[in-house]
Amino acid sequence: MSDATRRTLLAGAAAMAAGTASAEPTARVKGPLVWMNMDQKELDDAYDQAVYAPNRDIVLKRCVRNSELARQRLGAPKRFTYGPTKFEGLDVFTAKTPNAPIMIYVHGGSWRVGTASQYHYLAEAFLTAGANIVIPDFANVGDVGGSLLAMADQIRRSVAWVHKNAKEFGGDPERIYVSGQSSGGH
């Protein structure tokens, strides 16, 4: 099944679930190709999670609520800045064990949305395993003129900051791991 067919089926299923479409989807006339075999609508839809993940808002609300609950149990993280802009801060949840490994988690959000605080729910699992967890904030693509390179530079600098300052929060600078989800994995 092609990506375009899969997206059409998912969009049709979402519309039917919302009660806004009939059982027979109407065929859309494809516009001029702008990239590979996609017209502009297909390309835009590929970057719009609401098209292929109609439960996106529910999942994000669950992340926010679970993060609130985690902060109630764990307390607030330590907040540090790694750069000069308002976006360049990071949240650190520290393990009880000194010189513990460090997981840096880069959150997703389609390069356009999201903050570190929405992903604090991850802290409990890492702290229970004896590791520190660091969740950096960074500019969204709309805040930096559409440049993914600016965002990548911020993440690079946040990782460098963690390495340089690991001992300050009880981390082992020789055991740093990086993970991410969605655009944060990119």
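The values are calculated or read from the model by the stated rules, or taken from the named source; none is laboratory data. Not measured: the values here are computed from a predicted model. Glycine gets a Cβ as well: all are built from the backbone with ideal geometry, and neighbour counts include every protein chain shown.
Are there any pairs, at least 6 apart or on different chains, whose C-beta atoms fall under 9 Å, with the first in the range 95-123 and not assigned by TED's automatic domain parsing to the domain that holds residue 133 and the second not in a helix (DSSP H, G or I), and if so, which?
Here the result reads none, with nothing in the range 95-123 linked to a residue that is not in a helix (DSSP H, G or I).
Going by the conditions given, is residue 151 touching a residue at least 12 places away in the same chain (Cβ under 8 Å), in a helix (DSSP H, G or I), surrounded by 19 or more Cβ atoms within 10 Å (Cβ to Cβ) and assigned by TED's automatic domain parsing to the domain that holds residue 177?
Details: touching a residue at least 12 places away in the same chain (Cβ under 8 Å): yes; in a helix (DSSP H, G or I): yes; surrounded by 19 or more Cβ atoms within 10 Å (Cβ to Cβ): yes; assigned by TED's automatic domain parsing to the domain that holds residue 177: yes.
Yes: the conditions hold for residue 151.
When you scan the range 154-181, how many residues do you find that are among the aromatic types (Phe, Trp, Tyr) and either surrounded by 17 or more Cβ atoms within 10 Å (Cβ to Cβ) or on the phi > 0 side of the Ramachandran plot (or both)?
The number of residues fulfilling the criteria is 2.
Could you check the range 139-148 and list, in sequence order, the residues that are on the phi > 0 side of the Ramachandran plot and surrounded by 15 or more Cβ atoms within 10 Å (Cβ to Cβ)?
Matches in the range 139-148: none.
Of all residues in the range 110-123, how many are of a type in the set (Val, Ile, Thr) and either surrounded by 17 or more Cβ atoms within 10 Å (Cβ to Cβ) or farther than 20 Å from residue 87 by Cβ (or both)?
1
Does residue 76 count as of a type in the set (A, V, I, L, M) and either part of a helix (DSSP H, G or I) or over 20 Å from residue 179 (Cβ atoms) (or both)?
Here the answer is yes, as residue 76 does meet what is asked.
Within the range 168-186, work out how many residues are of a type in the set (D, E, K, R) and touching a residue at least 24 places away in the same chain (Cβ under 8 Å).
Narrowing the range 168-186 to residues of a type in the set (D, E, K, R): 168, 172, 174-175.
Applying the additional criterion that residues be touching a residue at least 24 places away in the same chain (Cβ under 8 Å) yields 172, 175.
Count: 2.
What single numbered condition from (1) in contact with a helix residue (DSSP H, G or I) (Cβ under 6 Å, 6 or more places away or on another chain); (2) not assigned by TED's automatic domain parsing to the domain that holds residue 170 fails to hold for residue 28?
Condition not satisfied by residue 28: (1).
Consider the range 124-138. How many of its residues are crowded, with 19+ Cβ neighbours inside 10 Å and either free of Cβ contacts under 8 Å to residues at least 40 places away in the same chain or touching a strand residue (DSSP E or B) at 6+ places or on another chain (Cβ under 7 Å) (or both)?
Pass one, the range 124-138, residues crowded, with 19+ Cβ neighbours inside 10 Å: 126-127, 131-138.
Going one step further and asking which of them are either free of Cβ contacts under 8 Å to residues at least 40 places away in the same chain or touching a strand residue (DSSP E or B) at 6+ places or on another chain (Cβ under 7 Å) (or both), we end up with 126-127, 131-137.
Summing the residues that are crowded, with 19+ Cβ neighbours inside 10 Å and either free of Cβ contacts under 8 Å to residues at least 40 places away in the same chain or touching a strand residue (DSSP E or B) at 6+ places or on another chain (Cβ under 7 Å) (or both) in the range 124-138 gives 9.
Out of 16, 1, which single residue is in a loop (DSSP other than H, G, I, E, B), at pLDDT below 85 and farther than 30 Å from residue 166 by Cα? Even if it seems obvious, please write down each step before you answer.
Values: 16 fails: in a loop (DSSP other than H, G, I, E, B).
One residue alone meets the criteria, 1.
Take the residues of the range 34-73 that are among the polar types (S, T, N, Q) and not in a helix (DSSP H, G or I): which is farthest from the chain's Cα centre (by Cα)?
37
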